[in-house]
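The values are calculated or read from the model by the stated rules, or taken from the named source; none is laboratory data. Only a predicted model underlies this, so the values are computations on that prediction, with no experimental measurement involved. Using ideal geometry, Cβ is built from the backbone for each residue, glycine included, and neighbour counts are taken over all protein chains shown. Side chains included, ligands, DNA and RNA excluded: accessible areas come from the protein's heavy atoms. Shrake-Rupley method; radii C 1.70, N 1.55, O 1.52, S 1.80 Å.
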Amino acid sequence: MIKPDGVQRGLIGKVLQRIEQKGFKIVAMKLAVMPEEKAKAHYAEHVGKKFYQDLVDFITSGPSVSLVVEGRGAIAAMRKMNGATNPAEAVPGTLRGDFGIETGRNVVHGSDSPASAAREIALHFCASELVNFKRIDEAWLYE
Ligand code: IDP
Ligand code: MG
């Protein structure tokens, strides 16, 4: 997900470019203001933490871009491409390292496991919004 700060700062294209140039396939994409109920469900694992309400307020404060990214090792690779949660610790070359300063404005979200990816995809998309197609360069990306 490109969070509201990333959208407001004009970083949608830069984030999508990194995903595309890596070779991963974007199979679903949606720009919307996340409703509060969906934000609470999305961040349910953080209920009770001191930053939870600020996080829900922030993530619903403007449009965000939800994506489903497909490719071998995509979940772990996207987390690496996003970088450490705190942009101050995220290494240069990562999205957070290059484009962020503080944890509460860290530009992007990525699912952290197959289970959370499945849960988050089902929360933000219906099955018919996932597009099944081949990229023409797949033969040159995979051995
Ligand atoms: P992640 O996004 O790298 O998976 P999580 O620990 O799952 O990191 O936290 C979810 C999001 O909550 C973070 O991306 C960040 O926006 C916010 N967050 C996490 N910890 C803090 C904090 O200590 N202060 C403010 N916001 C936080
Ligand atoms: Mg997380």
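A few notes on this one:
- Taken as a whole, the structure leaves Ala117 outside the set of residues that are of a type in the set (Gly, Ala, Ser) and open to solvent by 70 Å² or more (accessible area, probe 1.4 Å).
- Yes/no for Lys30 being more than 14 Å from ligand 2 (Cβ to nearest atom), of a type outside the set (Ser, Thr, Tyr) and touching a strand residue (DSSP E or B) at 6+ places or on another chain (Cβ under 8 Å): yes
- Residue count for the range 49-90, restricted to those that are in a strand (DSSP E or B) and of a type in the set (A, V, I, L, M, F, W, C): 4
- Residue in the range 4-24 that is closer than 30 Å to Glu138 by Cβ, part of a strand (DSSP E or B) and not charged (D, E, K, R) present: no
- Members of the range 91-138 found to be in a loop (DSSP other than H, G, I, E, B) and either within 16 Å of ligand 2 (Cβ to nearest atom) or of a type in the set (Asp, Glu) (or both), listed by number: Gly100, Glu102, Asn106, Val107, His109, Gly110, Ser111, Asp112, Ser113, Asp137
- Residue in the range 56-64 that is open to solvent by 60 Å² or more (accessible area, probe 1.4 Å) and out of contact with any Pro (no Cβ under 6 Å at 6 or more places or on another chain) present: yes
- Looking only at residues of the range 81-90 that are over 14 Å from the mean Cα position of the chain (by Cα) and surrounded by fewer than 17 Cβ atoms within 10 Å (Cβ to Cβ), we find that the one that is farthest from ligand 2 (Cβ to nearest atom) is Ala88.
Conditions tested, residue by residue: (1) more than 13 Å from the chain's Cα centre (by Cα); (2) at positive phi.
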position: Glu102; (1), (2): yes, no
position: Val107; (1), (2): no, yes
position: Ser111; (1), (2): no, no
position: Arg119; (1), (2): yes, no
position: Phe125; (1), (2): yes, no
position: Ser128; (1), (2): yes, no
position: Lys134; (1), (2): yes, no
position: Asp137; (1), (2): yes, no
position: Leu141; (1), (2): yes, no
